[in-house]
1. Among the residues of region 196-241, which ones are hydrophobic (A, V, I, L, M, F, W, C) and either assigned to a loop (DSSP other than H, G, I, E, B) or in contact with a Gly (Cβ under 6 Å, 6 or more places away or on another chain) (or both)?
2. Return only the number of the condition from (1) in contact with an Asp or Glu (Cβ under 7 Å, 6 or more places away or on another chain); (2) on the phi < 0 side of the Ramachandran plot; (3) at pLDDT 95 or above that Arg220 does not satisfy.
3. Do any helices (runs of 4 or more DSSP H) lying entirely in region 1-109 carry at least 2 residues that are touching a helix residue (DSSP H, G or I) at 6+ places or on another chain (Cβ under 7 Å) and charged (D, E, K, R), and which ones are they?
4. Could you list all residues from region 178-188 that are touching a residue at least 24 places away in the same chain (Cβ under 8 Å) and over 18 Å from the mean Cα position of the chain (by Cα)?
5. For residues that are among the small types (Gly, Ala, Ser) and more than 30 Å from Ile3 (Cβ to Cβ), tally how many sit in region 41-98.
6. Take the conditions touching a residue at least 60 places away in the same chain (Cβ under 8 Å), more than 23 Å from Thr137 (Cβ to Cβ) and surrounded by fewer than 18 Cβ atoms within 10 Å (Cβ to Cβ) and apply them to Ala44. Does it pass?
7. Could you list, ordered by first residue, the pairs with Cβ atoms under 9 Å in which the first is in region 125-148 and more than 22 Å from Val252 (Cβ to Cβ) and touching a residue at least 40 places away in the same chain (Cβ under 8 Å) and the second is hydrophobic (A, V, I, L, M, F, W, C) and surrounded by fewer than 16 Cβ atoms within 10 Å (Cβ to Cβ), at least 6 apart or interchain?
8. State whether one or more residues within region 254-265 are surrounded by fewer than 17 Cβ atoms within 10 Å (Cβ to Cβ), part of a helix (DSSP H, G or I), touching a residue at least 12 places away in the same chain (Cβ under 8 Å) and of a type in the set (A, V, I, L, M, F, W, C).
Amino acid sequence: MRIFDPHIHMTSRTTDDYQAMYDAGVRALVEPSFWLGQPRTSPASFFDYFDALLGWEPFRAAQYGIAHHCTLALNPKEANDPRCTPVLDALPRYLVKDSVVAVGEIGYDSMTPAEDTALAAQLQLAADHGLPALVHTPHRDKLAGLRRTIDVVRESNLAPEFVVLDHLNETTVKDALDSGCWAGFSIYPDTKMDEDRMVAVLKLHGTEKILVNSAADWGRSDPLKTRGVGDAMLAAGFTEDDVDQVLWRNPVAFYGQSGRLHLDTATPDPLHEGNSILRGGE
């Protein structure tokens, strides 16, 4: 089983997770920029983070045979902080980087006017750079947030097939797919979706334009949930080709629209800017 995790926050994970993911079949991933848990206080902290997603994390992933790409953006939560909004002006110089395959995560957290402005601006940046957009749907008032998001996408210059609406569930999947956008699902141990619910969604809505991810951030999460969905699909009677479409071909098709996917992992460099992931020993 080959797996492409289209949304996973490896900054929050250890190298043991990279090894376990490789052993489970993960060969490629996309790491979206996101809120780190503690508010940033200046744009400079974003830039250091973006640089890590462009340099250190691809280096770490390569040590375990996994191709790493990223998406960059001002996240919805921090779009409400005036100290952070200058990031919008600096994003164009980052969005031209080779390993950036989308603008994201963008979208809504609390559905404020500031979030409206940031979402519309970053959808335009995606259109300007010929990139897809990874859109975070809110954890509260999810259906209302999804419908508001779809309205903003329709008003933008970005075609819906260039947009994935993420963190969906049973109440939002139909509206998302009817909009022409891609549908993304995060599989978690306790919250969001689980493997069995995901299989039920696939039975009802099919396997086209659906992305399944583990998200796997600094909270209770599991970077092997993509493999869990694949195993659950097979147990429920889906074919190996169905699993390959959901866990590999769909994310390749979506992010491939950027023209920047490089899925062959070259022999990794032993050092990144003079540093390695080794601690002691050989």
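The values are calculated or read from the model by the stated rules, or taken from the named source; none is laboratory data. Computed from a predicted structure; not experimentally measured. So basically every Cβ, Gly included, is an ideal-geometry build from the backbone, and we count neighbours across all protein chains shown.
1. Of everything in region 196-241, those that are hydrophobic (A, V, I, L, M, F, W, C) and either assigned to a loop (DSSP other than H, G, I, E, B) or in contact with a Gly (Cβ under 6 Å, 6 or more places away or on another chain) (or both) turn out to be Leu211, Ala216, Trp218, Leu224, Ala236, Phe238.
2. Among (1) in contact with an Asp or Glu (Cβ under 7 Å, 6 or more places away or on another chain); (2) on the phi < 0 side of the Ramachandran plot; (3) at pLDDT 95 or above, Arg220 violates only (3).
3. 56-62
4. Answer for region 178-188, where residues must be touching a residue at least 24 places away in the same chain (Cβ under 8 Å) and over 18 Å from the mean Cα position of the chain (by Cα): just Ser179.
5. Of the residues in that region, 5 qualify.
6. In short, no.
7. Note: pairs meeting the criteria are Pro138/Ala144.
8. No: zero hits.
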